[in-house]
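Undergrad: Quick one: the structure is below, and I'll ask about it shortly.
The values are calculated or read from the model by the stated rules, or taken from the named source; none is laboratory data. All figures in this text were calculated on a predicted structure; none of them were measured in a lab. Glycine also receives a Cβ, built like all others from the backbone with ideal geometry; neighbour counts cover every protein chain displayed. Only protein heavy atoms, including side chains, enter the accessible area calculation; ligands, DNA and RNA are left aside. Shrake-Rupley method; radii C 1.70, N 1.55, O 1.52, S 1.80 Å.
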Amino acid sequence: QVQLVQSGAEVKKPGASVKVSCKASGYTFTGYYLHWVRQAPGQGLEWMGWINPKSGATHFAQKFQGRVTMTRDTSINTGYMELSRLRYDDTAVYYCARERDSDYGDSWGQGALVTVSS
Amino acid sequence: QSVLTQPPSVSGAPGQRVTISCTGSSSNIGAGYGAHWYQQLPGTAPKVLIFDNNIRPSGVPDRFSASKSGSSASLAITGLRAEDEAHYYCQSYDTRLSGWVFGGGTKLTVL
């Protein structure tokens with residue numbers, strides 16, 4: 001079955017970078033876009049961007065442009081999201097999600113909590 | 001401030017019917033893009049409940065249904081159960097932002 005397994009929780013200092021991984025299994029990794037969505041504590045869902053695992057092309061929400069990088073390693077069916085120059089308000093659970101044809105996420109990772117604290 | 005607008009909370013007694021609205025605009029739902037609904041139980045990842053306006057993935061009970069009209073969408077839950085208590089989010093694609101947009105989420109309380 002389709003599964004997305006993310007890396008574990010991280011604690012980072014303000015100004016640092018964090019890289020979250022998302023390992024896919026149960027489907028052809030290069031056949032589906034991978035999106036990243038975050039959720040601050042007690043808040044709603046916020047879309048960050050996507051990566052096309054086949055070509056490596058990316059597109060980011062304007063809010064994150066210049067701070068976010070999305071990459072993939074097709075040899076191990078894994079996508080990565082790196083956020084730099086972390087601020088306290090970047091504290092959130094970061095999810096990866098597989099996109100289906102109609103622009104929705106049909107499978108989601110379990111989430112990775114990133115805490116920004118001095 | 002979310003691009004799609006949902007009520008912050010709704011409630012209902014067991015067995016009752018509740019609806020959750022989702023209002024978009026001409027650049028997302030109103031442009032013909034699908035409205036999708038997710039259920040998020042406490043401490044878990046969102047799970048798709050309805051996609052493409054009104055299609056239930058296999059395994060989702062038929063107590064959950066949805067519709068779309070113009071720039072708005074609506075989720076209905078009948079025969080409320082305690083386990084339906086969760087946050088519900090609508091989502092669509094927005095042409096101006098070239099990406100996914102979400103509603104702010106609605107907390108459903110089963111009284």
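Undergrad: A:His59 is checked against (1) open to solvent by 50 Å² or more (accessible area, probe 1.4 Å); (2) within 14 Å of chain B (Cβ to nearest Cβ); (3) touching a Ser or Thr at 6+ places or on another chain (Cβ under 8 Å); (4) closer than 21 Å to B:Pro46 by Cα and fails just one. What number does that condition carry?
TA: Going through (1) open to solvent by 50 Å² or more (accessible area, probe 1.4 Å); (2) within 14 Å of chain B (Cβ to nearest Cβ); (3) touching a Ser or Thr at 6+ places or on another chain (Cβ under 8 Å); (4) closer than 21 Å to B:Pro46 by Cα one by one, A:His59 breaks only (4).
Undergrad: If you don't mind, another one. Taking into account only those residues within the range B:56-67 that are open to solvent by less than 70 Å² (accessible area, probe 1.4 Å) and within 14 Å of chain A (Cβ to nearest Cβ), which is farthest from B:Ser92 (Cα to Cα)?
TA: By that ranking, first place goes to B:Val60.
Matching residues to (1) open to solvent by 50 Å² or more (accessible area, probe 1.4 Å); (2) away from chain B (no Cβ under 14 Å); (3) under 11 Å from A:His35 (Cβ atoms); (4) of a type outside the set (Val, Ile, Thr):
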| position | (1), (2), (3), (4) |
| --- | --- |
| A:Leu86 | no, yes, no, yes |
| A:Val93 | no, no, no, no |
| A:Cys96 | no, no, yes, yes |
| A:Asp101 | yes, no, no, yes |
| A:Tyr104 | no, no, yes, yes |
| A:Gln110 | yes, no, no, yes |
| A:Val114 | no, yes, no, no |
| A:Ser118 | yes, yes, no, yes |
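Undergrad: Six or more apart or on different chains, Cβ under 6 Å: which pairs go from a residue in the range A:34-53 that's over 14 Å from A:Arg98 (Cβ atoms) to one that's hydroxyl-bearing (Ser, Thr, Tyr)? Could you list them?
TA: A:Arg38/A:Tyr94; A:Leu45/B:Tyr89
Undergrad: Check B:Gly32 against each of (1) free of Cβ contacts under 8 Å to residues at least 12 places away in the same chain; (2) more than 9 Å from chain A (Cβ to nearest Cβ); (3) more than 27 Å from A:Phe60 (Cβ to Cβ) and name the one condition it does not meet.
TA: Of everything listed in (1) free of Cβ contacts under 8 Å to residues at least 12 places away in the same chain; (2) more than 9 Å from chain A (Cβ to nearest Cβ); (3) more than 27 Å from A:Phe60 (Cβ to Cβ), B:Gly32 misses just condition (3).
Undergrad: State all residues of the range A:1-20 that are over 11 Å from A:Asn77 (Cβ atoms) and part of a strand (DSSP E or B); if no residue qualifies, say none.
TA: Once the filter is applied, which keeps residues that are over 11 Å from A:Asn77 (Cβ atoms) and part of a strand (DSSP E or B), the range A:1-20 yields A:Gln6, A:Glu10, A:Val11, A:Lys12, A:Val18, A:Lys19, A:Val20.
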